[in-house]
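This report refers to the structure that appears directly beneath it.
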Amino acid sequence: MNPYDDNEDQEIEELAEKFRLAVDSGDPLFFDSMDLQDIIAYYLENNDLEFCKKALTYAMETYPQEPYFRLLHSKYLAIQMKFSEAEHELDFVEEHFEPMPELYIERVLLAHACHKEINGLELLQKSLELDEAIPETHLLITIEYVNRHKIADAVAHATRAIQLDAAIAEDLKILIMDFGNAFQKENNQTIEFFTAMSEEMPLCSHMWCGLGLAHLNVSNFDQAIEAFQFQTSVDPDDPFAFVNLGESYFGKEDYAAAAENFKIANSKCDYFQFNIQIGRCYAMLKQYDDALQYFIKANDMDPFFLMKYTEIVKVFRDLGQLDDARTYLRMHIQDCPNETRAIEELLNLLNPETDAAEITLLLRKIELNTEDPYDFLSFSTYFCYNNDCPDLGLKICQEHLDDEEVCENIGYFLSALYFKKGLHPQGCEHLENALLICKENFVTDFIRIDYQLKDIPEVANLLDQYGCNGDHPYKEDYKDFPFNL
């Protein structure tokens, strides 16, 4: 049975569209408090921050005594990682309104989002005292008890949450994994919890899925397979049970069984296809013709579609046929000039010394295919820096010097490229200008281009001078930055 009310979802979507049309046309706004709560929640869920802000502004001005809009405003701020402002809103609600259970729920969710240590159990018990029948409270208490290794208490609250809202059963496995891993070194609590839940609710496929994922997360492949097989017996129509079986068999290097399960998932799923995973299995079996067949026919319905051209190149590389890989990509790009991922793979197979003209042409194609100039400059700078063609990168950056959309970023790109050329005075000049304009971007726009840039003495001095030293909270993210478009 579907726990969601499609008619209600449609009504909320229509309300949100009615609000949007009224704002765009300048018509007077007439929405009651409950409708506005649904409208704002809809915009938050769909990450429409522009209209979420407009709806919040209208709601808080029209219904200043309604504290729930303050809670929604806190969510809006947290989504943008404005955690201190989000917490300030929650403080305002606590100081100016009567106690409400949702406030304590939001405090716990915010703490999870910003990795702040709080006594979540104490807050959630306050929520429970005010209203025992909120399923989210029981769900979050479940997580707290799992993290404290109090499995019996966790099971009791999880069962109560599902009694209050059957949809919680699906949320449970996701949240336990997401919120639990940060606190569990061995992940044994998660396995114990879902073992107990599968005994408590043996006909609930989500519990077997949770148990399988818990085992898969720590590479207990045989136990994961057993759990997912139980899931398929309870719900044989769930394609993702077979996807997870495929991943488990792949993990234990039984690639033939993995491929068969991914094929079953293909036959059962209307929205996704899993041809990339099937191709990976055949590549591991060295059945390269079959692998290429599945990679080539993969389309954007495949969750791993972005890996398509990378996997094709890997097959050619394993066969020692990189010339054929270049030929295939060139022909494909000729037929599909908007396939940016294929262009990126071809770029990585070219030599800047002998293929400079083709590299320039391909980067221009990427520029035409990329709406955001920042995304293009990030990619082209990273590519030119790491493929030893900084002059081309500088030329591209200089074409965007007057572009207001990248004025906060371009100094970092120029600086990195000048350092690559060994021109340290010019590199320092552009780096200092960039730090003056927006020092917050030095991680994403400079350090991540090359982690070793921070070790250049002149760079280290500037970063120290502007308070951007190695103690930056994002220092663990400096490496392996994905510059794919």
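The values are calculated or read from the model by the stated rules, or taken from the named source; none is laboratory data. Model, not experiment: these values are computed from the prediction. Reconstructed Cβ throughout: ideal geometry from the backbone, glycine too, with neighbour counts over all protein chains shown. Surface accessibility is based on the protein's heavy atoms, side chains included, excluding ligands, DNA and RNA. Shrake-Rupley method; radii C 1.70, N 1.55, O 1.52, S 1.80 Å.
Here are the numbers:
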quantity: Test result for Leu211, over 30 Å from Ala86 (Cα atoms) and surrounded by fewer than 20 Cβ atoms within 10 Å (Cβ to Cβ); calculated: no
quantity: Residue within the stretch 443-461 that is under 25 Å from the mean Cα position of the chain (by Cα) and farther than 21 Å from Asp388 by Cβ present; calculated: yes
quantity: Per-region count, the stretch 129-150, residues assigned to a helix (DSSP H, G or I) and buried (at least 17 other Cβ atoms within 10 Å of the Cβ); calculated: 13
quantity: Wholly within the stretch 251-358, helices (runs of 4 or more DSSP H) carrying at least 1 residues that are open to solvent by less than 50 Å² (accessible area, probe 1.4 Å), closer than 30 Å to Asp237 by Cβ and in contact with a helix residue (DSSP H, G or I) (Cβ under 6 Å, 6 or more places away or on another chain); calculated: 255-268, 275-284, 288-297, 308-318
quantity: Inter-residue pairs, beta-carbon under 9 Å, first over 14 Å from Gly393 (Cβ atoms) and among the β-branched types (Val, Ile, Thr) and in the stretch 366-378, second open to solvent by 10 Å² or more (accessible area, probe 1.4 Å) and modelled with pLDDT of 90 or more, 6+ apart; calculated: Thr370/Thr340; Thr370/Phe379
quantity: Elements of type helices (runs of 4 or more DSSP H) in the stretch 1-80, at least 2 residues being open to solvent by 80 Å² or more (accessible area, probe 1.4 Å) and of a type outside the set (Asp, Glu); calculated: 6-25
quantity: Odd one out for Gly210 among (1) farther than 26 Å from Pro67 by Cα; (2) in contact (Cβ under 8 Å) with a residue 40 or more places away in the chain; (3) part of a helix (DSSP H, G or I); calculated: (2)
quantity: Test: residue in the stretch 226-235 that is surrounded by 20 or more Cβ atoms within 10 Å (Cβ to Cβ), more than 24 Å from Tyr271 (Cα to Cα) and of a type outside the set (Asp, Glu); calculated: yes
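For every residue, the table says whether it meets (1) at pLDDT 95 or above; (2) of a type in the set (Phe, Trp, Tyr); (3) within 17 Å of His138 (Cα to Cα).
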site: Ser84; (1), (2), (3): no, no, no
site: Asp91; (1), (2), (3): yes, no, no
site: Leu103; (1), (2), (3): yes, no, yes
site: Arg107; (1), (2), (3): yes, no, yes
site: Ala113; (1), (2), (3): no, no, no
site: Gly120; (1), (2), (3): no, no, yes
